[in-house]
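Some notes on the structure that comes next.
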Amino acid sequence: MRTILLLAQITFLFILNVGAKTRVVQKSALQNNEIKFLDLKLKKELSDKKLSPQKKYTLAILAARELKQLNNHEKALEFYQIAKDIKVDENKTEVQLAFSKKHAASNSVFFYEVNLKTLLKNKTYERALLSMDPEKLNDPENIKYKIVYDMLNVKIKKRSVKKLYCFDDFQKNPEDYQYSNLLCDLLVDYIRDGKIGNDHIKIVEEYFFKHDLKERYLLQLAKEIKSTL
């Protein structure tokens, strides 16, 4: 009897182990396919002769960031190298850090000093996005920048954005009446449905004019996203 029970336990553990390994292999295979597709897609975009050097630089940096999120640092470095070779009038601190063995000592969400509100008010969206380090967004002192980064990322990449940093906080308390939640909800709807309803914009507009006039430049950005649909 004990022998039978022992064999049953061994069989059960074997099935669990094989099942776990199968899931890991499947997940790994899916991620590898995603990386291959992303690599080909991005390199095709960057080969477009109609794109300006500035646009190519932005796409290369965003590609590198996305590949880092997928934990493929080798591929990320390929795109950082592409960005490094493009001649543009941009601060390339992020590129330099990518090839450096040193890690940034600062907890700042910015790679270099900028006036974010001025950039957004002047609609210099690409430069604003390039100045921000997404790896620092989960630091407690940088939480307020999550929605700004997400909105800029969606403005540039539209529905191809794979990750919204604001989503975890939004999911925890979707009824919280704060502009970060209202705007995150708007982005979720846009990525899911490909559209933003006028009523949704009105809710956000009402919030800013009643509660937070200082941050209403984000309303402008929300309207910009809607206008590109």
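The values are calculated or read from the model by the stated rules, or taken from the named source; none is laboratory data. The shown structure was predicted, so the numbers you read here are calculated from the model rather than taken from an experiment. Here Cβ is always computed from backbone atoms with ideal geometry, including for glycine, and neighbour counts include all displayed protein chains. Each accessible area value is taken on the protein alone, full model and side chains, heavy atoms only, with ligands, DNA and RNA left out. Shrake-Rupley method; radii C 1.70, N 1.55, O 1.52, S 1.80 Å.
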> Got a sec? Which of K75, K68, K92 is without any contact (Cβ under 8 Å) to a residue 40 or more places away in the chain and of a type in the set (D, E, K, R)?
Replying inline: K92
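If you check D199, D193, which single one turns out to be farther than 28 Å from L59 by Cα and either acidic (D, E) or within 16 Å of the chain's Cα centre (by Cα) (or both)?
That would be D199, the only listed residue that is farther than 28 Å from L59 by Cα and either acidic (D, E) or within 16 Å of the chain's Cα centre (by Cα) (or both).
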>> Looking at F110 and the list (1) modelled with pLDDT under 95; (2) under 30 Å from D169 (Cβ atoms), which single condition is not satisfied?
In response: (1)
> Any idea how many residues of the stretch 41-73 are under 20 Å from K163 (Cβ atoms) and either loosely packed, with under 12 Cβ neighbours inside 10 Å or in contact with a Pro (Cβ under 7 Å, 6 or more places away or on another chain) (or both)?
Replying inline: 2
>> On the basis of being part of a helix (DSSP H, G or I) and within 17 Å of A128 (Cβ to Cβ), does V204 make the cut?
In response: no
> Here are some conditions: (1) open to solvent by 20 Å² or more (accessible area, probe 1.4 Å); (2) in contact (Cβ under 8 Å) with a residue 12 or more places away in the chain; (3) under 22 Å from V109 (Cβ atoms); (4) not in a loop (DSSP other than H, G, I, E, B). K214 meets all but one. Which one does it not meet?
Replying inline: (2)
> Only one of I143, I156, I86 is β-branched (V, I, T) and more than 30 Å from I201 (Cα to Cα); which?
Replying inline: I86
>> Quick check on my filter: what residues within the stretch 188-201 are in a loop (DSSP other than H, G, I, E, B) and surrounded by 14 or more Cβ atoms within 10 Å (Cβ to Cβ)?
In response: I196
>> under 26 Å from Q220 (Cα atoms) and assigned to a helix (DSSP H, G or I): is that true of K158 in this structure?
In response: yes
> Does the stretch 89-106 hold any residues that are assigned to a loop (DSSP other than H, G, I, E, B) and open to solvent by 90 Å² or more (accessible area, probe 1.4 Å), and which are they?
Replying inline: D89, K101, K102, H103, A105
> Does K123 count as open to solvent by 30 Å² or more (accessible area, probe 1.4 Å), on the phi > 0 side of the Ramachandran plot, in contact (Cβ under 8 Å) with a residue 12 or more places away in the chain and of a type in the set (K, R)?
Replying inline: yes
